[in-house]
Amino acid sequence: MNKNIIRGLVASGVLVATGAQAALDASIGTAITDGVTDILAVIALGGAAYITISGAGVIWNVASKFVKRLGGKA
């Protein structure tokens with residue numbers, strides 16, 4: 001499935017959930033909003049961890065190639 005289609009479906013799902021909250025009690029709407037915020041925070045932390053680990057892998061590759069080039073020149 002195309003990424004744009006998936007993003008559109010997710011966005012429409014969020015809008016439907018937001019519209020459904022209007023008909024609920026205020027405490028339920030607040031709980032749903034807090035839950036969504038927590039879920040998005042976990043996703044953001046996972047993304048940050050992935051970027052950090054990927055960056056460390058790139059740095060490790062570059063450093064290892066540099067050390068290999070220095071091999072007999074010390």
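A short reminder: the numbers here are calculations on the coordinates, not readings from a lab. Bear in mind that the values here come from a model prediction, so they are computed numbers and not experimental data. We place every Cβ from the backbone using ideal geometry, glycine too, and count neighbours over all the protein chains shown.
Here the Karplus curve 6.51 cos²θ - 1.76 cosθ + 1.60, taken at θ = phi - 60°, turns the phi angles of segment 61-66 into couplings of 5, 5, 5, 5, 5, 5 Hz, with x standing for Gly and Pro. In this simple spin-label approximation, ASN61 and ASP25 carry label points 7 Å from Cα along the Cα→Cβ vector, and these lie 5.5 nm apart.
Across segment 32-47, coupling constants 3J(HN,Hα) worked out from phi with the 6.51/-1.76/1.60 Karplus curve, θ = phi - 60°, read 5, 4, 5, x, 4, 4, 4, 4, 5, 5, 5, 4, 5, 5, x, x Hz, and Gly and Pro carry x.
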